[in-house]
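Trainee: I am attaching a structure below and will ask some questions about it afterwards.
Every read-out reported here was derived from the displayed coordinates using simple, explicitly stated rules and does not represent laboratory data. Because the structure is a prediction, the values reported are computed rather than measured. Methodologically, a virtual Cβ is constructed for each residue, glycine included, from the backbone with ideal geometry; neighbour enumeration extends over all protein chains shown.
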């Protein structure tokens, strides 16, 4: 098979007015995260896709950053066709041989569909996923039915649609500016290109109306499993060290000693998150013997664990943290710690619980020799995992 350099264009430039809500539908929450994040993750995590470029509406930069963080994007046009054209032109200098064009309103994108599209592109100029029409089709005659329409050889077209890059760019450039197109495959066929069909997937249903979000939530729930894991960490107090808890510097006569910044709270949460996907512990990912982690901010460790969970299709629902010490008093700092952890993980503060307890002066924490932390993470992961 010929080696491809493949880009993906995620079209997310619409206003999404039919779906209702206070933000365009591609930024509305589904299962606790923005709708477009699902398709973006499916494309970005596929091993045969080199770059994902998101096409957004004018003025949506802040919404995009909140949804995906820093990611390549380009501003779209007044129509979907113009938005795709802007994306193609922006990718022109990248030397891509193939491109997938996908609508952000189709969040559940199976890897199998991407695989089928890219495989057939070895021989075709374009390929689209499609489902055969199963319902009886009729023409309307006023308020009664008219003739039945034969449904053989009729298909419902989905995205992503895949093309040889130069061919689809040429088709867009040649398309009449005053005429709109329903999809990109239509444009390639208009200039003589061939478009193959691959099996679509019911999971690729498009979200358009408010009721579609409810159906998508149910579909998501049926495809997810809840996992819970715990994390535990201990550090001793030492003179001359800063005390970091949950990413917040706490005034105290002593700090915690460790290879990194010794943030016992973030270390426990990191281990809990890693546990939900069976990814070992913090020491496996950030060995204390490695000098590059000396004095490192533990937020980096937690962000890494959260990225691994997201790469598995996981959704982080809740963090419960218990700090165990005689001093300092955690109460005055509880909300700052809670807000800091939520910010690191991209959660609402209501999804983070911070508690504190003592050991009634028993053990090393009771003697004031150090601190311990216990964390519980609850996530949802795809059932296949």
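Trainee: How far, in degrees from 0 to 90, does helix 334-345 lean away from the longest principal axis of the Cα atoms of the chain, to the nearest 10?
Mentor: 40
Trainee: Additional query: So what's the back-of-envelope 222 nm ellipticity for the chain, counting only DSSP H runs of four-plus at -39500 (n - 2.57) apiece and dividing by all residues, rounded to 500? Walk me through the intermediate numbers first.
Mentor: On the way: 12 runs with 116 residues, N = 385.
It comes out at -8500 deg cm²/dmol, rounded to the nearest 500.
Trainee: While we're looking at this one, here's another question. Averaging sequence separations of C-alpha pairs under 8 Å and six or more residues apart, then dividing by the length of the chain, give the relative contact order as a whole percent. Numbers along the way, then the final one.
Mentor: On the way: 775 pairs, mean separation 56.0, N = 385.
The value is 15 percent.
Trainee: Here is a follow-up. When 330, 207, 145 are ordered from fewest to most other Cβ atoms inside 10 Å of their Cβ, what list results? Walk me through the numbers before you get to the answer.
Mentor: Working: 330 21, 207 24, 145 11.
Final ranking by Cβ density, sparse to dense: 145, 330, 207.
Trainee: For the range 6-222, what is the relative contact order in percent, using Cα pairs closer than 8 Å and at least 6 residues apart in sequence?
Mentor: Numbers: 394 pairs, mean separation 51.6, N = 217.
RCO, the range 6-222: 24 percent.
Trainee: Report, to two decimal places, the Cα Rg of the range 225-382 normalised by 2.2 N^0.38 Å (N = number of residues). Let's see the in-between values first.
Mentor: Details: Rg = 14.8 Å, N = 158, 2.2 N^0.38 = 15.1 Å.
This ratio for the range 225-382 stands at 0.98.
Trainee: Looking at the chain from every direction and averaging, what is the projected area of its Cα convex hull in nm²? Provide the component values of the computation, followed by the final result.
Mentor: Working: hull surface 96.8 nm².
Mean projected area for the chain: 24.2 nm², to one decimal.
Trainee: Place the peptides 160-172, 282-294 in order of packing, highest mean first, counting for every residue the other Cβ atoms within 10 Å and averaging per peptide. Before the final figure, lay out each step's value.
Mentor: Details: 160-172: 22.8, 282-294: 13.0.
The most tightly packed comes first, giving 160-172, 282-294.
Trainee: Using per-residue counts of other Cβ atoms within 10 Å, averaged over each peptide, order 345-355, 148-158, 370-380 from highest down. Write out the running numbers ahead of the final one.
Mentor: Working: 345-355: 16.2, 148-158: 12.5, 370-380: 22.6.
So the order, starting with the most tightly packed, is 370-380, 345-355, 148-158.
Trainee: Using the Kirkwood radius built from alpha carbon pairs, what does the Stokes-Einstein equation give as D for the range 6-222 at 25 °C and 0.890 mPa s, in µm² per second?
Mentor: Numbers: Rh = 18.0 Å.
So the translational diffusion coefficient is about 136 µm²/s.
Trainee: Angle check, please: helix 35-44 long axis (alpha carbons) against the longest principal axis of the chain (alpha carbons), in degrees 0 to 90, nearest 10.
Mentor: Between helix and principal axis, roughly 90 degrees.
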